[in-house]
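For reference, the structure discussed in these notes is given below.
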Amino acid sequence: MKGIFVILDGVSDEPCSKLEEKTPLEYAKTPNLDFFASKSELYRCFPVAEGIAPQSSSGIISLFGIDFRDYPRGLIEAYGAGISLNEKDLALRCNFATIDSLNGMKLIDRRVGRTLTTKEALELSSAVNSKVKLPFKFELIPTVGHRAVLIFRGVFSANISNIDPSYDSGLSVEHAKDTVEFSRATDDSTNARLTADLINSFVKKSYLILENHPINVVRKKKGFFPANFILCRDAGTGLVKVNKLPGFWRGFGYMPLEKGIAKLFGMKLSSFEVPSMEKYDFYENAERTLEMAIKKSIEMIENNMDLDDYFYIHFKETDLPGHDNKPLQKVKFIEMIDKDFFGYLRKLDFNFRMVVTADHTTSCRMKGHTSNPVPVLFYDSEFTKEKVWRFTEKDSSNEKTFNGRQLLNKTLFSK
């Protein structure tokens, strides 16, 4: 029997005043998800463990059944971006961000207001790569939007703290500080201290280049945040060890992290190039990306139905409005996926199993990830009993609760 594993990134939420004290999942019109929910078992799940607010990386990796601590996000994002690494090279996930100054270190916006265009990111990265002088080879590689990967070539330690105050050791910080702190060694080794000093030197020198770059001068004149700081987090060294899942899997992802995770689990990857952001309207670009993602994910299933046992499909866009406190936009993304993707699945004329869940809760109220559990829908087309419930936080709250590493063995892989 075919299996489909769908992760709606950060779709779980809390009640919102703009949505009549409903969550986006409760408020959204989702006739197709409602159809599947009525014929499904509903659970709730702590993607990592109770009391822990995951990052996407730790949440997804845990849902696939392994320990996220073995796979730092910097390493997985580099892997997903197609960057070749030697065993002791250092990889970090980065954001272009905005701080007030190197003296105050106040974090103004950790995503540059989501207005950084692809052209701007490329030009700023090029300036940093050419003008920052350090004793080791490095490269800042922009990926999508404000996101980037930083690679240092040599022999380094990953035992250093994050500069990004919103994340710590692969997890999210529910009540993050609004000031940036420089990296420090997390063990007593000389290599860790030298690595932390190197990263700190990089961000200080890159700030001096970025703060006065013509792109940021123009951005400030237009009233946009300057992309003047590089937030670094989740350092990793070493080569990625593939953990192949049972059966034949094909993964669909279009962000570096999800592409890296699909490759980590030995999946055949289906993807597409995220459209360049040419204007300053982030959500216009995100809607266009989601439309393409739905279309390409359906094509993946259609074209590989006879080849693969399981499909992993990840939609990123449901997470983004939560970070910006835009619950109505989150509802719109949920309804787009319901109409076009789950509407397609509803028409399939063969037996299959499906799991639908989230990698973490992204609260519009908190504008970040929380430790709240996420709903899990397990559909088996051979089920006959129907129930009156929906795929929501409330309807899953009275059912069984488990941790993410148990998920697939309790659902897709169960006999």
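The values are calculated or read from the model by the stated rules, or taken from the named source; none is laboratory data. What you see is a predicted model; the values in this text were computed from it and never measured. Positions of Cβ are backbone-derived with ideal geometry, glycine not excepted, and every protein chain shown enters the neighbour counts.
Of a type in the set (S, T, N, Q), crowded, with 21+ Cβ neighbours inside 10 Å, under 14 Å from ILE7 (Cβ atoms) and in contact with a Phe, Trp or Tyr (Cβ under 7 Å, 6 or more places away or on another chain), is that true of THR318?
Values: of a type in the set (S, T, N, Q): yes; crowded, with 21+ Cβ neighbours inside 10 Å: yes; under 14 Å from ILE7 (Cβ atoms): yes; in contact with a Phe, Trp or Tyr (Cβ under 7 Å, 6 or more places away or on another chain): yes.
Spelling it out, THR318 is indeed of a type in the set (S, T, N, Q), crowded, with 21+ Cβ neighbours inside 10 Å, under 14 Å from ILE7 (Cβ atoms) and in contact with a Phe, Trp or Tyr (Cβ under 7 Å, 6 or more places away or on another chain).
Would segment 28-37 turn up any residue that is under 13 Å from LEU257 (Cβ atoms) and surrounded by 24 or more Cβ atoms within 10 Å (Cβ to Cβ)?
In the first step, residues of segment 28-37 are kept if they are under 13 Å from LEU257 (Cβ atoms); the result is none.
No, the conditions are met nowhere in segment 28-37.
Tally time: how many residues in segment 350-375 are small (Gly, Ala, Ser) and either closer than 11 Å to CYS45 by Cα or outside any strand (DSSP E or B) (or both)? Spell out how you get there, then give the answer.
If we filter segment 350-375 for residues that are small (Gly, Ala, Ser), which is where we start, we get 358, 363, 368, 371.
Checking which are either closer than 11 Å to CYS45 by Cα or outside any strand (DSSP E or B) (or both) leaves us with 358, 371.
Selection size over segment 350-375: 2.
Which ranges mark the strands (runs of 3 or more DSSP E) fully within segment 49-146 that have 1 or more residues being surrounded by 17 or more Cβ atoms within 10 Å (Cβ to Cβ) and under 14 Å from the mean Cα position of the chain (by Cα)? Write out each step before concluding.
Working: elements: 90-99, 107-109, 138-142.
Once the strands (runs of 3 or more DSSP E) in segment 49-146 are filtered for at least 1 residues that are surrounded by 17 or more Cβ atoms within 10 Å (Cβ to Cβ) and under 14 Å from the mean Cα position of the chain (by Cα), what remains is 90-99.
I'm told ALA227 meets every condition in (1) assigned to a helix (DSSP H, G or I); (2) among the aliphatic types (A, V, I, L, M); (3) crowded, with 21+ Cβ neighbours inside 10 Å except one. Can you identify the failing condition by its number?
Going through (1) assigned to a helix (DSSP H, G or I); (2) among the aliphatic types (A, V, I, L, M); (3) crowded, with 21+ Cβ neighbours inside 10 Å one by one, ALA227 breaks only (1).
Here is a list: PHE383, PHE341, PHE350. Which entry is within 18 Å of VAL11 (Cα to Cα), of a type outside the set (Ser, Thr, Tyr) and touching a residue at least 40 places away in the same chain (Cβ under 8 Å)? Before you say what the answer is, go through the steps one by one.
Values: PHE383 fails: within 18 Å of VAL11 (Cα to Cα); PHE350 fails: within 18 Å of VAL11 (Cα to Cα).
It is PHE341.
Among the numbered criteria (1) surrounded by fewer than 14 Cβ atoms within 10 Å (Cβ to Cβ); (2) at pLDDT 95 or above, which one does ARG390 miss?
With respect to (1) surrounded by fewer than 14 Cβ atoms within 10 Å (Cβ to Cβ); (2) at pLDDT 95 or above, ARG390 is out only on (1).
When you scan segment 171-224, how many residues do you find that are out of contact with any Leu (no Cβ under 7 Å at 6 or more places or on another chain), under 30 Å from ALA53 (Cβ atoms), of a type outside the set (Ser, Thr, Tyr) and outside any helix (DSSP H, G or I)?
Qualifying residue count, segment 171-224: 13.
Return yes or no: is LEU412 aliphatic (A, V, I, L, M) and at pLDDT 90 or above?
Numbers: aliphatic (A, V, I, L, M): yes; at pLDDT 90 or above: no.
Judged against the criteria, LEU412 is not a match.
Could you list, in sequence order, the residues of segment 101-130 that are more than 15 Å from ARG219 (Cα to Cα), touching a Leu at 6+ places or on another chain (Cβ under 9 Å) and not hydroxyl-bearing (Ser, Thr, Tyr)?
LEU102, LEU107, ARG110, ALA127, VAL128, ASN129
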